[in-house]
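Everything on this sheet refers to the single structure shown next.
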Amino acid sequence: MTSAVRPRGLVVPGLAVLSVALGVLLPAVSAGASDEASWSVRPRDGSAVLEHVLRAGDEVDDAVVVRNEGGRTLELAVSASDTRAGADGALEVADTRTGPAAWVSVPVEPVTLAAGEDVGVPVHVVVPPDAAPGTYVAAVVTTAPDEQGGLAVERRLALRVVLTVEAPGASDAGPWGLVVGALVVGAFAAVAAGAVVVLRRRRDVPHSVE
């Protein structure tokens, strides 16, 4: 009887993105099926994307609500990640914290949820004082280990964090400036809203060969 372990590899290069057309919002952000780890992640205000308009040097406290949609206890790791454009133009989790993800803090400890339980996970954002005006996109990523067909599968679900940094004096530009700014932010939000990224990483479970 021998055993073998093969290195972890990606099931798919990058990740599968649940894409939406311009202006179409996904009503729910969830991952999993009835026979495996299943959960959802949403902003606490019920919107489709965690979004804030700030200025350089600002900070804000917010939260996401994680719900265990399955029938067994679930433990999730929570982290922040940068995003990047994939080959098809859709956003992917970049697995780095050198961009706007460095502005986002989430709890280090894993979150444990009983079946059907909701848990609020705090999200703290600090914009650097030298941040240039513009729109930045990070992600809050939740990760759960799972097993399917003898394989250990790391399943991930992420929610976009859209941070728009205003130029100094932007709010003093008068009503027309406010209208134009709202249209720009609204157009970006329409594209970003509901963007959910799911990644499956696979590594073989040690198994016996008779």
Next item on the list: Would you be able to tell me the number of residues in region 45-57 that are surrounded by 15 or more Cβ atoms within 10 Å (Cβ to Cβ) and of a type outside the set (A, V, I, L, M)?
Entry: 3
Checklist line | Residue among 83, 73 that is farther than 25 Å from residue 129 by Cα and not aliphatic (A, V, I, L, M) | finding: 73
Margin query: Against the definition (over 14 Å from residue 141 (Cβ atoms) and modelled with pLDDT of 95 or more), how does residue 120 come out, yes or no?
Written below: yes
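Let's see how each residue does on (1) at pLDDT 95 or above; (2) open to solvent by 20 Å² or more (accessible area, probe 1.4 Å); (3) of a type outside the set (Lys, Arg):
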residue	(1), (2), (3)
71	no, yes, yes
84	no, yes, no
97	yes, yes, no
106	yes, yes, yes
113	yes, no, yes
Note to self: Of everything in region 115-137, what is touching a helix residue (DSSP H, G or I) at 6+ places or on another chain (Cβ under 6 Å) and surrounded by fewer than 16 Cβ atoms within 10 Å (Cβ to Cβ)? Give them in sequence order.
What the structure shows: 126
Check: Mind checking whether some residue in region 167-174 is charged (D, E, K, R), at negative phi and at pLDDT 50 or above?
Finding: yes
Check: In this structure, is residue 60 in contact with a Leu (Cβ under 8 Å, 6 or more places away or on another chain), farther than 19 Å from residue 146 by Cβ, loosely packed, with under 15 Cβ neighbours inside 10 Å and touching a residue at least 12 places away in the same chain (Cβ under 8 Å)?
Finding: yes
Margin query: Checking residue 74 against (1) within 16 Å of the chain's Cα centre (by Cα); (2) closer than 17 Å to residue 41 by Cβ, only one condition comes out false. Which one?
Written below: (1)
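The values are calculated or read from the model by the stated rules, or taken from the named source; none is laboratory data. Keep in mind it's a predicted model, so treat the numbers as computed, not measured. Please note: Cβ atoms are built from the backbone with ideal geometry, for glycine as well, and neighbour counts cover all protein chains shown. Side chains included, ligands, DNA and RNA excluded: accessible areas come from the protein's heavy atoms. Shrake-Rupley method; radii C 1.70, N 1.55, O 1.52, S 1.80 Å.
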